[in-house]
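The structure appears right after this line, and notes come after that.
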Amino acid sequence: MAKKILLLQDVDNLGRKGEIASAKEGYVYNFLLPQGLAVLATPHALRQQTRLLEERRKIAAQDKKEAEELAARLNGETLGFNVKVDNEGHMYGSVSSLNIVELVKMQTGIDLDKRYVQLKHPIKETGVSSVTLRLKEDVTCQINVKVIPEHVAEEA
């Protein structure tokens, strides 16, 4: 049976701070309440909702501004990633979201959260791939990840 809760923090795939949400009892009692992410939606807790929503609006405005500035810096950026390949040109392994986060940090100095990288499947081929970043407050931008075979990178 689902429990009604008031979210005290943003929770992925559930809701944002100040919203009333419904979640399964186990999730509520074993995760949300102990982590301090939510409280049960009692009449007393519902009186806090207005204050929480106002705080959320202020934070959202600041987050959106920061995300738009970050998107402007990263949009269209091309980042090179060297990979090992066999004699036939097939990659050993792949380029994952975590690799992309490390690549952005190393080449631009910008710290990203792994959750921002919208990559359905790891990149398994050399060449240029377009990757979407979904930053805070649903601000998006595109970066290009150029996967370069190591032997080509050494020759250049």
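The values are calculated or read from the model by the stated rules, or taken from the named source; none is laboratory data. Because the structure is a prediction, the values reported are computed rather than measured. Cβ placement follows ideal geometry from the backbone for every residue including glycine, while neighbour counts extend to all protein chains displayed.
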**Asked** Right, T108: more than 20 Å from I143 (Cα to Cα), hydroxyl-bearing (S, T, Y) and either exposed (fewer than 15 other Cβ atoms within 10 Å of the Cβ) or not assigned by TED's automatic domain parsing to the domain that holds Q9 (or both) or not?
**Response** no
**Request:** Answer yes or no: is there a residue in segment 5-17 that is touching a residue at least 40 places away in the same chain (Cβ under 8 Å) and assigned to a helix (DSSP H, G or I).
**Result:** no
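Specify which of the listed residues (R56, R47) is touching a residue at least 12 places away in the same chain (Cβ under 8 Å), outside the structural domain of E137 (by TED's automatic domain parsing) and not hydroxyl-bearing (S, T, Y).
Values: R47 fails: touching a residue at least 12 places away in the same chain (Cβ under 8 Å).
Of R56, R47, the one residue that is touching a residue at least 12 places away in the same chain (Cβ under 8 Å), outside the structural domain of E137 (by TED's automatic domain parsing) and not hydroxyl-bearing (S, T, Y) is R56.
Could you identify the single residue in E102, E150 that is farther than 30 Å from A21 by Cβ, without any contact (Cβ under 8 Å) to a residue 40 or more places away in the chain and not assigned by TED's automatic domain parsing to the domain that holds E19?
Values: E150 fails: without any contact (Cβ under 8 Å) to a residue 40 or more places away in the chain.
Selected residue: E102, the only one of E102, E150 that is farther than 30 Å from A21 by Cβ, without any contact (Cβ under 8 Å) to a residue 40 or more places away in the chain and not assigned by TED's automatic domain parsing to the domain that holds E19.
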**Request:** Working only within segment 27-56, note down all residues that are modelled with pLDDT of 90 or more and under 30 Å from K105 (Cα atoms).
**Result:** Q35, L37
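Kindly provide the set of residues from segment 83-93 that are on the phi < 0 side of the Ramachandran plot and either exposed (fewer than 14 other Cβ atoms within 10 Å of the Cβ) or not assigned by TED's automatic domain parsing to the domain that holds T108 (or both), ordered by number. Show your work before the answer.
First, pick out the residues of segment 83-93 that are on the phi < 0 side of the Ramachandran plot: 83-88, 90-92.
Within segment 83-93, K84, D86, N87, E88, H90, Y92 meet the criteria.
Does L7 fit the bill of being closer than 30 Å to E150 by Cβ, at pLDDT 90 or above and either surrounded by 12 or more Cβ atoms within 10 Å (Cβ to Cβ) or not aromatic (F, W, Y) (or both)? Explain how you work it out, then say what you get.
Numbers: closer than 30 Å to E150 by Cβ: no; at pLDDT 90 or above: yes; either surrounded by 12 or more Cβ atoms within 10 Å (Cβ to Cβ) or not aromatic (F, W, Y) (or both): yes.
So L7 does not fit the description; no.
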**Boolean, A21 is small (G, A, S), in contact (Cβ under 8 Å) with a residue 60 or more places away in the chain and not assigned by TED's automatic domain parsing to the domain that holds Q118** = no
**Message:** I'm told D10 meets every condition in (1) more than 18 Å from D138 (Cβ to Cβ); (2) within 22 Å of the chain's Cα centre (by Cα) except one. Can you identify the failing condition by its number?
**Reply:** (1)
**Complete:** Of the residues in segment 26-48 that are polar (S, T, N, Q) and over 12 Å from L8 (Cβ atoms), the one that is farthest from the chain's Cα centre (by Cα) is T42
